[in-house]
Amino acid sequence: MANPSAVVSVRRPITHVVFDMDGLLLDTEKFYTQVQEIILARYNKTFDWTLKAKMMGKKAIEAARVFVQETGIGDSLSAEQFLVEREEMLQTLFPTSELMPGASRLVSHLHAKGVPICVATGSHRRHFELKTQRHHEIFSLMHHVVLGDDPEVKQGKPSPDGFLAAAKRFEGGPVDPSNILVFEDAPSGVLAAKNAGMSVVMVPDPRLDKSFHDTADQVLNSLLDFNPSEWGLPPFEDNGS
């Protein structure tokens, strides 16, 4: 299992960083959970973290198919109907999104030190705008953002499409994947990063089964625990948040 405190083994230097968004930079995963619990309650079913793990990080329609199939409600509610019903509730919740602990500190630090950074998310444009509307200051520091409805992203995570598109769009790109460090919270996102040939730091929700940790190069409880020096990145100049 990946060790949170392990010193990272020798590898090609990290020059660029890619961030996932939902559950990593923004505390939005709770909104999906909340809405999906409400929908399932109508069918006397419960939403658990085994199902959550299968849905996290995927494109909306892919996650919706998993949802209706795994819960056995497909005869009553199609994946498309599920998305329509979920959308109305999410529209009111997304604008209240908060930053995850340590997100602002890490993004601001890397940008200040001249490390090129970007976002690669499964979120579509309309959801991205709602989620980030209170956080333009942080997201404006990104060199670029790759969204789930980007034409180059044919398949969602664990396909590497989003991360490979992100690597191409850095200045002077494409950047060699072995020089890129990805931050992810979702099992499908970790797999996508590895499938792209990139290193990945996982910051999972504590409720996620620990068996999902194995694929990541490093597992942290919080972005606040990240030590840039372990990856050859410029160190923080402070000692805390």
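The values are calculated or read from the model by the stated rules, or taken from the named source; none is laboratory data. Because the structure is a prediction, the values reported are computed rather than measured. So basically every Cβ, Gly included, is an ideal-geometry build from the backbone, and we count neighbours across all protein chains shown. The protein model used for the area step is the full one, side chains on, heavy atoms only, and it has no ligands, DNA or RNA in it. Shrake-Rupley method; radii C 1.70, N 1.55, O 1.52, S 1.80 Å.
What number of residues within the stretch 159-186 satisfy the criterion of being within 17 Å of residue 55 (Cα to Cα), open to solvent by 10 Å² or more (accessible area, probe 1.4 Å) and either small (Gly, Ala, Ser) or modelled with pLDDT under 95 (or both)?
2
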Residue in the stretch 16-24 that is open to solvent by less than 30 Å² (accessible area, probe 1.4 Å) and of a type in the set (Phe, Trp, Tyr) present: yes
Within the stretch 128-241, helices (runs of 4 or more DSSP H) holding 3 or more residues that are in contact with a strand residue (DSSP E or B) (Cβ under 8 Å, 6 or more places away or on another chain): 161-169, 187-195
Selection within the stretch 107-155 - among the small types (Gly, Ala, Ser), at pLDDT below 95 and open to solvent by 10 Å² or more (accessible area, probe 1.4 Å): 122
Matching residues, the stretch 70-87, being more than 21 Å from residue 209 (Cα to Cα) and not in a loop (DSSP other than H, G, I, E, B): 79, 80, 81, 82, 83, 84, 85, 86, 87
Options 93, 51; residue that is of a type in the set (A, V, I, L, M, F, W, C) and either buried (at least 18 other Cβ atoms within 10 Å of the Cβ) or closer than 18 Å to residue 189 by Cβ (or both): 51
Tabulated pairs, the stretch 129-154, first under 21 Å from residue 105 (Cβ atoms), second of a type in the set (D, E, K, R), C-beta under 9 angstrom, 6+ apart or interchain: 131/22; 134/98; 135/98; 143/169; 143/171
